[in-house]
1. Using the Karplus curve 6.51 cos²θ - 1.76 cosθ + 1.60 with θ = phi - 60°, what ³J(HN,Hα) values do you get for each residue of the stretch 58-64, in whole Hz, with x for Gly and Pro?
2. About the Cα centre of the chain, how large is the charge dipole given +1 on each Lys and Arg Cβ and -1 on each Asp and Glu Cβ? Please answer in debye to the nearest 20.
3. Hey, if you put +1 on the Cβ of every Lys and Arg and -1 on every Asp and Glu Cβ in the chain, which of 95, 67, 19 ends up farthest toward the positive end of that dipole?
4. Where does each of 58-69, 34-45, 81-92 land if you order them by average Cβ count within 10 Å, highest first?
5. Based on the alpha carbon coordinates of the chain, what radius of gyration and maximum Cα-Cα distance (Dmax) apply, in Å?
Amino acid sequence: MPRPKKLFEPWAPPRPTLPDVVAIKALANGSATPDQQKRALHFIIVDVSRADDEPYCPGADGERDTNYALGKRRVGTYLRSLLAADIRKFKDGQPSEQVE
């Protein structure tokens, strides 16, 4: 008997739209408009890293799945911490302890 599909599979990639892909490509090659920059960052933080999702995954593989989801989520939360960082704390190209 086949296993029922899980409600949340943290390893499953998001399904981007054409504007998402265009925005990511434009961001990568340095030609993104302000709206494309926002769209690309939103796609990375919300859709790819799933920073706003509950990472807990119940079931037989729950611990491994939860750990995977937490790793992805950490990318999004770290990017958000960089966006919120006080850039005055960064001096002479040295890393700052402010960003965690």
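All of the numbers you see were taken from the coordinates with simple rules; none came from a lab. Quick caveat, the model's predicted, so the values are computed rather than measured. Cβ coordinates were reconstructed from backbone atoms using ideal geometry, including for glycine residues, and neighbour counts include every protein chain displayed.
1. My calculation for the stretch 58-64 gives x, x, 4, 9, x, 5, 5 Hz in order.
2. Working: 16 positive and 14 negative charges, 42 e Å.
For the chain, the charge dipole is close to 200 debye.
3. About the Cα centre, the residue reaching furthest to the positive side is 19.
4. Details: 58-69: 13.8, 34-45: 16.0, 81-92: 9.6.
For the peptides 58-69, 34-45, 81-92, the packing ranking is 34-45, 58-69, 81-92.
5. 16.9, 61
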